[in-house]
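J.: Shown below is the structure under consideration.
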Amino acid sequence: MSKTAEKVIEQEKLVQKVNKEEKYEGIIEYDTPAYRPRKRRYADRYDGRRLRTLPPMSYVAPYIMKVRADSQNQFDDVIDITNIEKYLAEKKREGYTDMSLLHVILAAYVRVVAERPGIHRFIAGQRIYARKKIECLMTIKKDMTLEAPDTCIKVEFDPRDNIYNVYKKFQKTVVEAKNEDGDFEKVVGTLVKLPGLLLRFIVATLRLLDYFGKLPKALHKVSPFHGSMIVTSMGSLGIPAIHHHLYDFGHLPIFISYGKMFTQKVTLADGTKENHHFVTFKVVTDERICDGFYYASAMKQLKRYLNHPEVLDQTLETVVEDVD
């Protein structure tokens with residue numbers, strides 16, 4: 001291939017990149033913070049506020065169940081996505097041609113965090129914290145080929161965000177991640193060149209720093225092990241949802257997985273039957289951050305939003321703050 005042809009191809013790629021990035025402009029910015037400013041107290045972290053008014057058992061649990069492998073609860077559900085498909089068809093007519101089930105799930109989760117902040121806590125250093133930011137993670141492939149590398153993206157949301165804000169923030173991050181190497185990949189690329197014993201020592205040091213909330217902010221910002229939740233779409237791979245384990249490094253408390261779509265007949269109120277589309281939905285949680293009743297309430301609320309996604313069009317006016 002001639003240098004002229006290569007230059008033309010590079011210019012076309014640049015134009016496509018700019019066009020995609022412009023498509024996701026217009027993100028709503030807020031004049032005031034979602035949560036009221038608080039004075040930092042002893043044992044608070046830069047990424048979380050230590051909770052001090054929980055029941056006694058909540059403080060003991062992290063010492064009994066020291067790691068997330070001991071603390072994982074798993075549950076399954078099935079979501080009727082017929083209403084979501086109608087909703088997405090309407091969004092496509094509005095010009096959001098690549099809005100998908102993933103964006104609806106993320107927007108619904110953000111809305112639930114705004115109303116049930118207990119599911120947004122995390123455990124670090126055997127203490128329970130209210131997280132300061134909503135940071136959702138997802139591993140994506142740069143191209144849908146077997147050889148293409150994975151990269152993990154982290155997107156920060158505001159609890160007041162509507163579906164449009166969630167969509168634009170997420171897609172903008174995806175475009176940036178596919179067009180350039182992420183900072184975490186650069187860090188890992190440097191670490192794997194080190195001798196094994198030295199690498200073990202560095203990882204152990206990072207664990208110790210994270211235990212005391214002293215992990216460098218630059219590393220925390222790009223780490224795929226620190227955030228509010230992580231979601232994976234097994235449906236995009238053509239397989240059912242899986243129960244994905246939580247990581248003991250970092251402090252991710254929730255892992256959501258949803259699978260490929262399937263069709264099933266449902267009986268309507270008038271007795272007639274029609275085909276509806278469904279997806280399997282599996283969640284793994286850290287049971288130490290809140291009790292089962294609270295988790296159940298939050299997941300029921302999540303399902304309500306998935307059944308009625310049109311509610312997510314509205315920007316939330318007020319959010320519920322976690323306890324002191």
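J.: Given the criterion among the acidic types (Asp, Glu), over 20 Å from ILE84 (Cα atoms), modelled with pLDDT under 95 and out of contact with any Phe, Trp or Tyr (no Cβ under 9 Å at 6 or more places or on another chain), identify the matching residue among GLU317, GLU274.
T.: GLU317
J.: Taking the stretch 63-120 on its own, how many of its residues are touching an Asp or Glu at 6+ places or on another chain (Cβ under 8 Å) and among the hydroxyl-bearing types (Ser, Thr, Tyr)?
T.: 2
J.: Give the number of residues within the stretch 269-292 that are open to solvent by 60 Å² or more (accessible area, probe 1.4 Å) and farther than 20 Å from SER228 by Cα.
T.: 6
J.: Could you identify the single residue in ILE79, ILE27 that is touching a helix residue (DSSP H, G or I) at 6+ places or on another chain (Cβ under 8 Å), open to solvent by less than 20 Å² (accessible area, probe 1.4 Å) and touching a residue at least 24 places away in the same chain (Cβ under 8 Å)?
T.: ILE79
J.: Right, here's the next one. Restricting to the stretch 231-246, count the residues that are closer than 27 Å to ILE134 by Cβ and either open to solvent by 60 Å² or more (accessible area, probe 1.4 Å) or free of Cβ contacts under 8 Å to residues at least 40 places away in the same chain (or both).
T.: Residues in the stretch 231-246 being closer than 27 Å to ILE134 by Cβ and either open to solvent by 60 Å² or more (accessible area, probe 1.4 Å) or free of Cβ contacts under 8 Å to residues at least 40 places away in the same chain (or both): 6 in total.
J.: Mind listing just one residue for me: the one in the stretch 102-145 that is open to solvent by 30 Å² or more (accessible area, probe 1.4 Å) and of a type outside the set (Lys, Arg) and, of those, farthest from TYR42 (Cα to Cα)?
T.: Here the residue is THR145.
J.: Based on what the data block shows, is ARG207 open to solvent by 50 Å² or more (accessible area, probe 1.4 Å), more than 21 Å from CYS136 (Cα to Cα) and in contact (Cβ under 8 Å) with a residue 12 or more places away in the chain?
T.: yes
The values are calculated or read from the model by the stated rules, or taken from the named source; none is laboratory data. It should be emphasised that the depicted structure is a prediction, and the values quoted were computed from it without experimental measurement. In this analysis, Cβ positions are derived from the backbone assuming ideal geometry, glycine residues included, and neighbour counts consider all displayed protein chains. Accessible surface is based on the protein model in full, side chains and every heavy atom, while ligands, DNA and RNA are left aside. Shrake-Rupley method; radii C 1.70, N 1.55, O 1.52, S 1.80 Å.
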